[in-house]
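So the structure is just underneath, and the comments pick up after that.
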Amino acid sequence: DLFVPVFLSLTGVYHPVALGFSAGVGGAVGETVTYYWGLNIRRAVWKEAADQPEDRVSRWVRRYGLLAAFLVAASPLPDTPIILLAGSAKLSFLRLLAVEVFGKTLWYSAGAFLGGAIFAQMAASLGTFVSSLLVFAASLTLCVAVYSRRVRSVVFSAFQRAAKLLGF
């Protein structure tokens, strides 16, 4: 989600639901690869799947998989594990795709509404260019901090010093 801040300025031009829908469709289509990985993992593990009884995980995914996929798609949680399981359980692809589009559209639209409102306030006081640079730098820093233990330590130490200076 590093490139999300790049599109925050578009909330002033396009409706946040339209932006959320386009991002939701893109995210859901991107998950189709994960679904087919799960389907092919099942085929590789169970060469004669037709002769095998259905396991507990497959039964759970058939019963709750669409609900779980929706809840994960409509949140910041990673949906790769659920989509892999859905593929391995041969859950309906079109239903899963529809649930993913709906959930991701809700999540990204909410982000567009909130992010757009915050960005509009920043742009009003700092200007669009400076606001874009600040949001991008913050996003890049957080992404690097998540993946690098050394950078994470430096960033969080700086936050702790700043909090101490501000009296928190």
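The values are calculated or read from the model by the stated rules, or taken from the named source; none is laboratory data. Keep in mind that what you see is a predicted model, and the values were worked out from it rather than measured. Heads up, the Cβs are rebuilt from the backbone with ideal geometry, glycines too, and the neighbour counts pull from every protein chain shown. Surface accessibility is based on the protein's heavy atoms, side chains included, excluding ligands, DNA and RNA. Shrake-Rupley method; radii C 1.70, N 1.55, O 1.52, S 1.80 Å.
Computed quantities for the displayed model
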read-out	value
Per residue value of the accessible surface for the range 1-152 (all protein chains in place, 1.4 Å probe), Å²	64 Å²
Carbon plus sulfur fraction of accessible area for the chain, probe 1.4 Å, in percent	69 percent
Neighbourhood charge, 12 Å Cβ-Cβ cut-off, centred on Tyr35 and excluding it, Lys, Arg +1 and Asp, Glu -1	0
About the Cα centre, charge dipole magnitude for the chain (Lys/Arg +1, Asp/Glu -1 at Cβ), debye	460 debye
Cα Rg, Dmax, the range 53-148, angstrom units	18.6, 63
Residue-averaged 222 nm ellipticity for the chain, from DSSP H runs of 4+ at -39500 (n - 2.57), nearest 500	-25500 deg cm²/dmol
